[in-house]
């Protein structure tokens, strides 16, 4: 029997990490188009029902296209920071550098949990600098994150269009994270899941991370990636939007579109 080279086996393993959400078996739901049209944006929505493995997609064209992860990269940055000890725990404070930025919530000392919630770019830029390019590249390669391109400054490759990832790959990442299937300590993955939890009540739990960036044409793009749990069933989802200009305010739009879609599918009532 012919033996596979170790490099080939490693590549096959990397492919398997993100192949859990194959769009080949997805159901296309055009009824979701109205939520994007109402906001005058393009984009896509992808959902995986973990109970039966069914995948629902709106706008397959965008689902497999790669874009800058923007602040959704804070999921991965947190994992590497915690794994390597550059972030001690979610309560580790990084001092404010004194630079006044346009987002007032960033202009203070804060810990990881708060930095994640308010999507504080300077906090995570400092984490990336402490991790260093070589170590970051090793972890990026180990799970095959997007195009794996870290060229340029260590504190901006996920913001400037160097590193790119597709909605389908984002879905695979959060699914692996939820089930402790990424190559990080289980305690590390749990800490990141904890800071991703945004809403928790008797009917459901909603966990996600947002992102706001720009595509290669300078147009605004937005992400919302995560999962919703009802009655011990988990559904993973990714919302991606692409605005007609760089000045489009997509801050609330990402969550509004996502919540509208989830509501159409019967979530938020504890009956799923």
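Give me the percent of DSSP beta bridges within the chain that run antiparallel, rounded to the nearest 5.
95 percent
May I ask you to derive the FRET efficiency for residue 89 and residue 233 from their Cβ-Cβ distance with R0 = 22 Å, giving the value to the nearest 0.05?
0.15
Taking the alpha-carbon centroid of each part, what is the distance from the range 232-272 to the range 164-186 in angstrom?
Cα centroid of the range 232-272 versus Cα centroid of the range 164-186: 19 Å apart.
In a Gaussian network model over the chain where Cα atoms closer than 10 Å are linked, find which of 118, 99, 41 has the largest mean-square fluctuation.
Largest GNM mean-square fluctuation: 99.
What's the extension gain from residue 216 to residue 66 if we count 0.36 nm per residue and subtract their Cα-Cα distance?
52.9 nm
Looking at the square roots a ≥ b ≥ c of the eigenvalues of the Cα gyration tensor of the range 131-272, which shape do they give, rounded for a/c under 1.5, prolate if a/b is larger than b/c, or oblate?
Oblate is the answer for the range 131-272, as a/c is 1.5 or above yet b/c matches or exceeds a/b.
What percent does the relative contact order of the chain come to when contacts are Cα pairs within less than 8 Å and at least six residues apart?
It rounds to 22 percent for the chain.
Using Cα springs under 10 Å in a Gaussian network model of the chain, which residue among 90, 30, 42 shows the largest mean-square fluctuation?
For the chain, modelled as a Gaussian network with Cα springs under 10 Å, the answer is 30.
At a Förster distance of 25 Å, what's the computed FRET efficiency of residue 134 paired with residue 247, Cβ-Cβ distance as r, to 0.05?
For R0 = 25 Å, the calculated efficiency reads 0.10.
What share of the DSSP beta bridges in the range 25-116 is antiparallel, in percent to the nearest 5?
80 percent
Of the labelled options (1) 49; (2) 63; (3) 52, which one gives percent of Cα pairs over 23 Å apart as computed for this structure?
Of the listed options (1) 49; (2) 63; (3) 52, (3) comes from this structure.
Roughly what would the spin-label model give for residue 27 and residue 107, points 7 Å off Cα along C-beta, in nm?
Label-label distance for residue 27 and residue 107, simple model: 5.0 nm.
Over the range 27-103, what is the mean sequence separation of C-alpha contacts under 8 Å (at least six apart), divided by residue count, expressed as relative contact order in percent?
22 percent
Per the helix-only calculation at 222 nm, which mean residue ellipticity applies to the chain, given -39500 (n - 2.57) for every DSSP H run of n ≥ 4 and division by its residues, nearest 500 deg cm²/dmol?
Helix contribution divided over all residues of the chain: -10500 deg cm²/dmol.
Every read-out reported here was derived from the displayed coordinates using simple, explicitly stated rules and does not represent laboratory data. Keep in mind that this is a model prediction, so the values were computed, not measured. So basically every Cβ, Gly included, is an ideal-geometry build from the backbone, and we count neighbours across all protein chains shown.
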